[in-house]
Amino acid sequence: MAASGAAATDLEVIRGKRAALFFAAVAIVLGLPLWWKTTETYRAPLPYSQISGLNALQLRLMVPITVVYTRDSVPLDDQEKLPFTVVHEREIPLKYKMKIKCRFQKAYRRALDHEEEALSLDNVKEAEAMLAEQKERSEGSLTVFVISEHSLLLPQNMMSYIGPERTAVVRGIMHREAFNIIGRRIIQVAQAMSLTEDVLAAALADHLPEDKWSSDKRRPLKSSLGYEITFSLLNPDPKSHDVYWDIEGAVRRYVQPFLNVLSAVGNFSVDSQILYYAMLGVNPRFDPASSSYYLAMNSLPHVINPVESRLGSSAASLYPVLNFLLYVPELAHSPLYIQDKDGAPVATNAFHSPRWGGIMVYNVDPKAYNSSELPVRVEVDMVRVMEVFLSQLRLLFGIAQPQVPPKCLLSGPKSEGLMTWELDRLLWARSVENLATATTTLTSLAQLLGKIGNIVIKDDVASEVYKAVAAVQKAAEELASGHLSSAFVASQEAVTSSERAFFDPSLLHLLYFPDDQKFAIYIPLFLPMAVPILLSLVKIFLEAHKSWKKPEKID
């Protein structure tokens with residue numbers, strides 16, 4: 001009986017050991033991998049190497065220039081060398097991680113018969129009209145016509161002419177170094193019509209050091225898919241002024257043609273409103289010498305905030321809002337003038353604020369108060385008002401007057417208020433700005449996801465990142481090839497995809513779930529199961545270790 005009891009006890013001990021080993025094996029072989037797999041943070045793969053390579057991206061902005069030589073523009077020996085191509089490349093000196101080079105590719109050729117006929121005229125406007133009928137030029141390209149140095153097409157004291165389209169005229173010269181001399185003139189004209197250091201500096205203002213460029217360079221609006229423009233009439237004294245403005249007709253005649261040309265940059269929506277009893281929030285000062293009131297330049301920044309609270313247009317807007325305010329001063333503060341920093345009245349009686357809009361003060365004719373009772377009927381001269389607002393709109397988009405070379409005649413703008421090459425220059429600036437923004441966004445996202453390992457990266461987020469990287473590379477290639485329109489579209493896609501990935505809500509789900517909270521959750525679950533298994537394994541190990549050291553008996 002004792003022997004059978006001992007055998008049963010040994011059998012139970014063996015069974016216990018096997019059970020402990022089995023549970024430990026199941027927990028280690030199946031339990032831990034299954035738990036690890038089901039609780040790990042899903043992170044789709046991202047192109048980290050390609051994103052890091054974007055910081056070393058070199059942008060080559062190619063400007064295709066067709067140079068057309070007429071008869072007697074250069075010596076006969078030089079004309080026999082035509083056609084040929086010359087490339088002029090220079091680096092834009094900006095303190096930015098992305099190197100930018102401007103590449104002017106000049107294709108020289110002789111003038112065709114219809115071009116010779118047009119350029120033989122005595123009026124440059126008529127010549128432009130004849131040349132414009134022949135060929136439509138692509139975005140970003142320029143055509144420079146070289147005429148005889150004695151031609152009457154330009155005034156004798158002018159060496160070059162920049163037209164409203166993508167064309168220019170340069171005087172030739174009978175000299176053995178004619179191509180070199182004319183080539184330098186062409187580069188000067190092409191830079192004025194396309195890319196300059198100031199244009200690119202304004203586009204990259206948010207990415208450059210503060211001490212590199214003044215606040216004036218930060219005037220242009222940031223690139224966006226759309227913009228909202230609001231025209232507001234402020235009548236703080238409706239008891240004295242019955243103001244009427246034909247804003248619908250003015251927008252249709254002056255603003256809409258300008259926005260139609262700018263539609264390549266983004267979508268535009270225009271609305272208007274009239275605000276009564278809306279004050280500027282700054283008390284004007286009285287000038288006894290002129291019996292008028294004035295707003296000093298240092299008080300202008302304090303005008304915007306009180307008025308902006310009444311506008312209410314930017315609260316629910318997805319796009320940047322441009323506010324253009326026409327302020328009719330109350331009778332007690334009429335007439336009201338705006339002074340510059342020198343204390344002189346501003347000619348337009350208006351000012352603008354970068355990336356916000358502009359304000360114009362419209363004074364009522366003093367004679368109107370003598371001939372009628374209050375309220376006085378005031379009909380706003382919309383031509384004068386829209387002339388000021390369109391000038392401010394050009395400045396807000398960074399469309400400034402070009403720095404033309406000496407003895408260069410600059411044509412006036414077209415009826416739309418915008419030259420064609422000015423639109424191209426804006427597209428170049430916006431393309432570079434979009435690429436810089438997308439690169440910065442992708443780099444920041446990659447650094448964030450690399451530092452914080454418990455952020456979930458879904459497949460759709462990774463897809464947007466891949467799209468953004470591909471769009472940046474495509475835009476850079478299109479810019480290097482001189483395809484401005486497709487490059488701008490690709491740069492917009494890069495910004496859209498990169499920001500959609502960066503601001504995806506799924507990135508924040510486990511951002512604030514640190515490791516100590518994981519231990520606090522899982523230890524109460526695993527500890528009751530793990531302690532008996534570990535104790536059994538320790539007991540089995542100790543017994544096995546003891547049996548190994550026990551000496552064998554020899555009879």
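Phi angles of the stretch 236-251 translate, via the Karplus equation with coefficients 6.51, -1.76, 1.60 and θ = phi - 60°, into HN-Hα couplings of x, 9, x, 6, 9, 10, 9, 8, 10, 9, 8, 6, 5, x, 5, 5 Hz per residue; Gly and Pro are given as x.
Against the chain, whose longest principal axis is taken from its Cα atoms, helix 2-26 shows a tilt of about 10°. Averaged over its residues, the chain has an accessible area of 53 Å² per residue, based on protein heavy atoms and a 1.4 Å probe.
Extension gain, residue 346 to residue 55, is 100.3 nm, computed as 0.36 nm per intervening residue step minus the present C-alpha separation. Near residue 337, the amide H atoms lying under 5 Å from its own belong to 293, 294, 295; only residues 5 or more places off or on other chains count, and H is placed 1.01 Å from N. For the stretch 245-338, chymotrypsin sites (Phe, Trp or Tyr not before Pro) meeting the loop criterion (DSSP other than H, G, I, E, B) and having at most 14 other Cβ atoms within 10 Å: 277.
Against the main long axis of the alpha-carbon atoms of the chain, helix 420-451 sits at an angle near 20°. Taking Cα atoms only, the orientation of helix 459-481 departs from the longest principal axis of the chain by about 40 degrees. Once C-alpha pairs closer than 8 Å and six or more residues apart are averaged by separation and normalised to the residue number of the stretch 307-447, the relative contact order reads 17 percent. The structure-derived value of Cα extents along the principal axes in Å appears in the list [x] 90, 52, 46; [y] 98, 59, 45; [z] 133, 80, 38 under the label [z].
Among beta bridges from DSSP that stay inside the chain, the antiparallel ones total about 25%. Loop-located GluC sites (Glu not before Pro) in the stretch 62-154 (DSSP state other than H, G, I, E, B) with a sparse environment of at most 10 neighbouring Cβ atoms within 10 Å: 80, 133, 136.
The values are calculated or read from the model by the stated rules, or taken from the named source; none is laboratory data. Small disclaimer: the values here were computed from a predicted structure and weren't measured. Cβ coordinates were reconstructed from backbone atoms using ideal geometry, including for glycine residues, and neighbour counts include every protein chain displayed. Just so you know, the surface numbers come from the protein's heavy atoms only, side chains and all, with ligands and any DNA or RNA stripped out. Shrake-Rupley method; radii C 1.70, N 1.55, O 1.52, S 1.80 Å.
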